[in-house]
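S.K.: Below you'll find the structure I mean.
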Amino acid sequence: GAVVSQHPSWVICKSGTSVKIECRSLDFQATTMFWYRQFPKQSLMLMATSNEGSKATYEQGVEKDKFLINHASLTLSTLTVTSAHPEDSSFYICSARDPGWGGNEKLFFGSGTQLSVL
Amino acid sequence: AQSVTQLDSQVPVFEEAPVELRCNYSSSVSVYLFWYVQYPNQGLQLLLKYLSGSTLVKGINGFEAEFNKSQTSFHLRKPSVHISDTAEYFCAVSSYGRDDKIIFGKGTRLHILP
């Protein structure tokens, strides 16, 4: 069964509104979660690394104020796209790392969220 | 820093024929290697991974991959594909550290022809 639950699976919103995407680890406590963005027919681009209890680490070129990440508990990280615009439309995927291993040996992915901004 | 190159953006294969999806990586340190599959509008599912030990790794759905350190390759193979194998396949690399990121290739779309 799925060990990472991501919701919603798809969302349509009006330009200027904010959208929150949740990522939950079901079978383990994930101290580290990752958020990716995927454009059609392209690879996953890492947006940020979310660490429980501390500020997220954003990749170069990713706007911190636009893509707010909160990792308030060991099983939940949220990505909020603030004041969304059509160019933010994309497929967003989260992943959670099982801390029982040293690195990325056990990394589980959510099913993704298709965001469409009208 | 690591990088991954998937040489083919698309690979068409007839059903029940063998397939090889190519992946080359670049790294100055030892790495873990992964193959993930993505079905339409879904997240990623791990097919197989190489961490250490035997260079031939067997994964789910009949896939296998061979780690070749001298050629810095990790090609994915299946002896006989099925229509259900139609998907996007991503090769990925990560170094060993706890704070290290996993880097994905651009993906290869596998088209199974009837």
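What follows is calculated from the coordinates using simple rules that are stated; it is not laboratory data. Predicted, not measured: the structure shown is a model, and the values here were computed from it. Cβ coordinates were reconstructed from backbone atoms using ideal geometry, including for glycine residues, and neighbour counts include every protein chain displayed.
S.K.: Can you tell which of B:Leu48, B:Leu44, B:Leu7 is facing chain A (nearest Cβ under 8 Å), of a type in the set (A, V, I, L, M) and under 15 Å from the mean Cα position of the chain (by Cα)? Give the derivation first.
M.R.: Details: B:Leu48 fails: facing chain A (nearest Cβ under 8 Å); B:Leu7 fails: facing chain A (nearest Cβ under 8 Å).
The conditions single out B:Leu44.
S.K.: Going through region B:47-90 one residue at a time, which ones are more than 21 Å from B:Glu15 (Cα to Cα), in contact with a Phe, Trp or Tyr (Cβ under 6 Å, 6 or more places away or on another chain) and hydrophobic (A, V, I, L, M, F, W, C)?
M.R.: Within region B:47-90, B:Leu48, B:Leu51, B:Val57, B:Phe67, B:Phe74 qualify.
S.K.: Still on this model: Quick one: count up the residues across region B:1-32 that are of a type in the set (Ser, Thr, Tyr) and free of Cβ contacts under 8 Å to residues at least 60 places away in the same chain. If you could, list the steps in order and put the result at the bottom.
M.R.: Going through region B:1-32, the residues of a type in the set (Ser, Thr, Tyr) turn out to be B:3, B:5, B:9, B:25-28, B:30, B:32.
With the extra rule that they be free of Cβ contacts under 8 Å to residues at least 60 places away in the same chain, the set shrinks to B:26, B:28.
Summing the residues that are of a type in the set (Ser, Thr, Tyr) and free of Cβ contacts under 8 Å to residues at least 60 places away in the same chain in region B:1-32 gives 2.
S.K.: Do the conditions hold for B:Val29, that is, is it loosely packed, with under 14 Cβ neighbours inside 10 Å, within 14 Å of chain A (Cβ to nearest Cβ), closer than 23 Å to A:Gly100 by Cα and of a type in the set (A, V, I, L, M, F, W, C)?
M.R.: On the way: loosely packed, with under 14 Cβ neighbours inside 10 Å: yes; within 14 Å of chain A (Cβ to nearest Cβ): yes; closer than 23 Å to A:Gly100 by Cα: yes; of a type in the set (A, V, I, L, M, F, W, C): yes.
Yes: the conditions hold for B:Val29.
S.K.: List the number of the failed condition for B:Glu64; all other conditions in (1) farther than 27 Å from A:Trp35 by Cα; (2) within 14 Å of another protein chain (Cβ to nearest Cβ); (3) acidic (Asp, Glu) hold.
M.R.: For B:Glu64, the failing item is (2).
S.K.: Taking A:Ser15 and the conditions (1) farther than 13 Å from A:Phe109 by Cα; (2) buried (at least 17 other Cβ atoms within 10 Å of the Cβ); (3) of a type in the set (Ser, Thr, Tyr), which numbered condition does it fall short on, given that it satisfies the others?
M.R.: The single condition A:Ser15 does not satisfy is (2).
S.K.: Right, here's the next one. Answer yes or no as to whether B:Tyr32 is under 25 Å from A:Val4 (Cα atoms) and more than 11 Å from the chain's Cα centre (by Cα). Steps first, answer last, please.
M.R.: Values: under 25 Å from A:Val4 (Cα atoms): yes; more than 11 Å from the chain's Cα centre (by Cα): yes.
Criteria met by B:Tyr32.
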